[in-house]
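FYI, it's all coordinate maths here, none of it is from the lab. The model shown is predicted, which means the values in this text are computed figures rather than measured ones. Cβ sites come from the backbone with ideal geometry, for glycine too, and all protein chains shown count toward neighbours.
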Ligand SMILES: Nc1ncnc2c1ncn2[C@@H]1O[C@H](COP(=O)(O)OP(=O)(O)OP(=O)(O)O)[C@@H](O)[C@H]1O
Ligand SMILES: [Mg+2]
């Protein structure tokens, strides 16, 4: 469990990036964080493994405080982080080596390493690419590799700060589709995104604006607040917008669509 209690963060230049945030991230949950540019999402993420320390309040991970220096190593093992640009995080010449790299640094024995690599490749659906040079992977595959490498280190929490922002829609979908598999494998997922559509399968969504939590709830509750979302510069996924239109809904017999592929499929069937 990650507990933020009355957390504020002010940068050295006086910018108040987060203001009095109290929030608990439950184990094995998928939490989505969304909000306009500058709303404090990346600051929030960086507080979770002690990259930043709160100016006020506390961040506690499984009863360890990020301000406690002696716990920082353990906290960083528990909280794996994935950033936007996979190129910045890839350092080796093959998919398999890339996953092995982090494990070698942790001193994992050879046999266990092979097992972990195999499991990670399966979870991120790159099993057939293990000998390929990461430079020859697509953007989506590169990001999946980065996630696989983090997964293999067996963190309890996986934090992703806009992992799809550099990807085309197909790459984005590839990355988003593996998140439920990480959850099935027991991980807690914290995903920052600019697309509400990425959060349809989240357990809870937090909307940040100007450093504060302005909305929080299950996807269905958040998606039902279109006007409020607009006030925070957010728009509904268009698959959902379409469903809101009753005529179209009746015509296409739509019940619930969660992604673009399903929408395309329905439209193709009714052409
Ligand atoms: N290193 C820094 N020094 C000073 N101010 C900063 C720094 N990093 C971020 N800020 C400011 O803190 C506020 C929150 O920034 P943050 O990066 O957390 O927002 P964000 O929601 O991640 O934005 P984006 O969607 O653009 O990534 C913004 O006003 C930003 O300008
Ligand atoms: Mg950011």
(request) Find the Rg to Rh ratio for the range 2-234, where Rh is the Kirkwood radius over alpha-carbon pairs and Rg uses the same atoms. (result) 0.97
(message) As an exercise, use a Förster radius of 45 Å and the Cβ-Cβ distance of residue 11 and residue 170 to find the FRET efficiency, rounded to the nearest 0.05.
(response) 0.80
(message) Using alpha carbons only, how many angstrom separate the centre of the range 1-40 from the centre of the range 127-160?
(response) 26
(message) Which of the three applies to the range 61-117, rounded, prolate or oblate, going by the alpha-carbon gyration tensor with a ≥ b ≥ c and a/c under 1.5 meaning rounded?
(response) oblate
(message) Of the candidates 167, 182, 137, which one comes out as most mobile in a Gaussian network treatment of the chain with C-alpha springs shorter than 10 Å?
(response) 137
(request) With runs of 4+ DSSP H residues as the only contributors, calculate the mean residue ellipticity of the chain at 222 nm using -39,500 (n - 2.57) per run, divided by the residue total and rounded to the nearest 500. (result) -11000 deg cm²/dmol
(request) Compute the Cα gyration tensor for the range 1-111, then decide on rounded, prolate or oblate, letting a ≥ b ≥ c be the square roots of its eigenvalues: rounded whenever a/c is under 1.5, prolate when a/b is larger than b/c in the other cases, and oblate in all that remain. (result) prolate
(request) Please check which bits of the range 202-228 a label hung off residue 20 would reach, taking the label as a point 7 Å along Cα-to-C-beta and the cut-off as backbone N under 16 Å. (result) 209-215
(request) Report the Stokes-Einstein translational diffusion coefficient (µm² s⁻¹, integer) for the range 75-164, Rh taken as the Kirkwood radius over Cα pairs, at 25 °C with viscosity 0.890 mPa s. (result) 191
(request) Please give, to one decimal in nm, the separation of the simple spin-label points placed at residue 77 and residue 225, each 7 Å out from Cα toward the Cβ. (result) 3.9
(message) Under 8 Å for C-alpha pairs, at least 6 residues apart: give me the relative contact order for the chain, rounded to a whole percent.
(response) 23
(request) Subtract the Cα-Cα distance of residue 135 and residue 93 from 0.36 nm times their separation in residues, and report this length gain in nm to one decimal. (result) 14.3 nm
